[in-house]
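Okay, structure first, notes after.
The values are calculated or read from the model by the stated rules, or taken from the named source; none is laboratory data. Bear in mind that the values here come from a model prediction, so they are computed numbers and not experimental data. Cβ coordinates were reconstructed from backbone atoms using ideal geometry, including for glycine residues, and neighbour counts include every protein chain displayed. Please note that ligands, DNA and RNA were not included when accessible areas were found on the heavy atoms of the full protein model with its side chains. Shrake-Rupley method; radii C 1.70, N 1.55, O 1.52, S 1.80 Å.
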Amino acid sequence: MAVRVPGRAGPPQARRARRLLFAFTLSLSCTYLCYSLLRCCDGRGRLLRAPRGPRAAVPPAPPEPRPCAPPGPPPHAPAPRPAASSLSGPLKPGTKRLPQALIVGVKKGGTRAVLEFIRVHPDVRALGTEPHFFDRNYGRGLDWYRSLMPRTLESQITLEKTPSYFVTQEAPRRIFNMSRDTKLIVVVRNPVTRAISDYTQTLSKKPDIPTFEGLSFRNRTLGLVDVSWNAIRIGLYALHLEGWLRYFPRAQIHFVSGERLITDPAGEMGRVQDFLGIRRFLTDKHFYFNKTKGFPCLRRTEASLLPRCLGKSKGRAHVQIDPEVIDQLREFYRPHNLKFYETVGQDFRWE
């Protein structure tokens, strides 16, 4: 019986078998290593392959071996930015510009009607609200003012209206500093009628205010009119115009008759279009007279199926005023009106 001695390798056959197994394992490991080296990356995510024959081109030497990475952008590359259109939507046509024309006055003269009428013109884009930039918001700066404007094409005029500009002392200088070429539109109306309309509007908001007569006179018996009351002071057109003529030539200011705007809207708006240097697009066919409101409205067009009239606050019935009070105010305004006629070279026939 054979006894196996510890530490001996065993029979020769077993030793040979173990050597063959070791050699086979080593050969397999070398083969796998070579295969892995042949598949190493070239640094751009592409695999290098060994040449397949004597005529195969020898690939350039690969860079320093690095672990293979999946195809795609480098791990630290910034993500591609989306196109501008996907960020902000379709680009809007036109540019926001400072206005080339302003409706600067006067309150309760018909400025809203002129604005709404001229907005129908395809060559005019107008701000619908009153920004009060040159009287209340001047400190915000021209960039803020420009940001409020509608976008316009090169062929279009930008327009805004704030009636209180006409009676603001600083407004002419501020507008001149913006652009000395600005065209100015002033809508005027019989100052007595304008004052009554102004009072009627205020009364609708503040029913407890004093009477029109009480606000108009410091002493009615002596005929002393209270020019500190804004409703009276606005009607001193010649006085306010002096401040504007210090900065702008007369030819750069156009006056619209509030009375003719009611009786002949096409004629008045035709002259406004001429002043702005645009074609006469607005004609008689655009207007009809609304008997209920007592002033003209715009007819419906292809763009608007409904007629366009001013809001409910327009055409409000005036407060009844004592005829003697009206006569006294007419006498007060007479010399001021005549001076205004002479200055502008136009007779508005308010007497």
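Within the range 96-139, count every residue that is crowded, with 24+ Cβ neighbours inside 10 Å, at negative phi and part of a loop (DSSP other than H, G, I, E, B). So the answer is 4.
Figure legend. Inter-residue proximity from the range 198-220: first residues within 14 Å of residue 328 (Cβ to Cβ), second residues open to solvent by 70 Å² or more (accessible area, probe 1.4 Å) and among the small types (Gly, Ala, Ser), beta-carbon distance below 9 Å, spacing 6+ or different chains. Indicated pairs: 218/228. Only one of the listed residues (164, 147, 197) is polar (S, T, N, Q), under 23 Å from residue 343 (Cβ atoms), assigned to a helix (DSSP H, G or I) and out of contact with any helix residue (DSSP H, G or I) (no Cβ under 8 Å at 6 or more places or on another chain). That residue is 164. Residues that are open to solvent by 70 Å² or more (accessible area, probe 1.4 Å), charged (D, E, K, R) and out of contact with any Gly (no Cβ under 8 Å at 6 or more places or on another chain) within the range 251-269 are absent altogether. Condition check for residue 247 on (1) open to solvent by less than 20 Å² (accessible area, probe 1.4 Å); (2) modelled with pLDDT of 95 or more; (3) touching a Phe, Trp or Tyr at 6+ places or on another chain (Cβ under 6 Å): one failure, at (1).
For the range 204-223, residues that are open to solvent by less than 70 Å² (accessible area, probe 1.4 Å), among the hydrophobic types (A, V, I, L, M, F, W, C) and more than 18 Å from residue 193 (Cβ to Cβ) total 1. For the range 233-243, the criterion of being part of a helix (DSSP H, G or I), at pLDDT 95 or above, surrounded by 12 or more Cβ atoms within 10 Å (Cβ to Cβ) and in contact with a Gly (Cβ under 6 Å, 6 or more places away or on another chain) is satisfied by no residue at all.
Being of a type in the set (Phe, Trp, Tyr), closer than 25 Å to residue 339 by Cα and in a strand (DSSP E or B) is the requirement here; does residue 255 meet it? Spelling it out, residue 255 is indeed of a type in the set (Phe, Trp, Tyr), closer than 25 Å to residue 339 by Cα and in a strand (DSSP E or B).
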